[in-house]
Amino acid sequence: MGHLDVARRAARLFDKVLVAVYDTPSKSLLFDTAERVDLMRRAVADIGNIEVIPFTGLVVQCARDTGSATIIRGLRSGPDFEYESQMFFMNRRLEPDVDMVALMSDAEHMMISSSLLKEVARLGGDITEMVPPHVAAALHEKFQLSAQ
């Protein structure tokens, strides 16, 4: 819900928001890129100024290639700030015309990471108040299939 919360809030601040889903072939993920794009598209379907796209390479290159002037990031805590600060300065060095805006997570999302959420779902915990219904169903289905 943290990513979704940031996207929804960004949509109130900007005329158009691109949610760029990173295609990371080197990492073993529960959902492949196409599935993650689909899940996010469904989550933001009611917001007219959000578009969800996959991308490869550097996020700053994606911003440049799509004509985006700003990268929007969500921050949960101090370690997120430190990491995002490093990313900001590197991105600024690579592409000086692309800026970054950081939105603080709502308190209800601050201590929820995707890995923690997946672990709770894998162990049969109730995550229905933490993710959209279609995401909870997709997680449930993935873990049922992997248990077989």
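Points to keep in mind about this one:
- Highest-fluctuation residue, VAL44, VAL120, VAL98 considered, GNM on the chain with Cα pairs under 10 Å: VAL120
- For GLY67, neighbours were defined as the other residues whose beta-carbon sits under 14 Å from its Cβ, and their charges (Lys and Arg +1, Asp and Glu -1) total -4.
- Listed candidates [x] 15.9, 50; [y] 16.5, 52; [z] 17.9, 65 - label of the one calculated as Rg and Dmax of the Cα atoms in Å: [x]
- Backbone N within the stretch 68-85 under 11 Å of label point (7 Å from LEU58 Cα along the Cβ vector): none
- When GLU129, GLU95 are sorted by how many other C-beta atoms sit within 10 angstrom of their C-beta, beginning with the fewest, the order is GLU129, GLU95.
- Under 20 Å from the Cα of LYS27 - aspartates and glutamates, other chains or at least 8 residues apart: GLU35, ASP38, GLU119
- Which of VAL101, VAL59 has the fewest Cβ neighbours within 10 Å, and the rest in rising order: VAL101, VAL59
- Using a simple spin-label model with pseudo-atoms 7 Å out from Cα toward Cβ, LYS16 and MET111 lie 4.0 nm apart.
- On full extension, the segment bounded by ILE47 and LEU145 gains 32.1 nm, given 0.36 nm per residue less the C-alpha separation.
- Computed helical MRE - 222 nm, the chain, DSSP H runs ≥ 4 contributing -39500 (n - 2.57), nearest 500: -15000 deg cm²/dmol
- Between LEU29 and ASP126, full extension at 0.36 nm per residue minus the direct alpha carbon distance yields a gain of 32.8 nm.
- Springs between Cα atoms under 10 Å define the GNM used for the chain, and in it the highest mean-square fluctuation of PRO132, PRO54, PRO96 occurs at PRO96.
- Over the stretch 2-110, Cα pairs under 8 Å with separation of 6+ residues give a relative contact order of 30 percent.
Each value in this text was obtained by applying a stated rule to the coordinates, not by laboratory testing. In this text the structure is predicted, and so the values were computed from the model without any measurement. Here the Cβ is made from the backbone with ideal geometry for all residues, glycine too, and neighbour counts use every protein chain on show.
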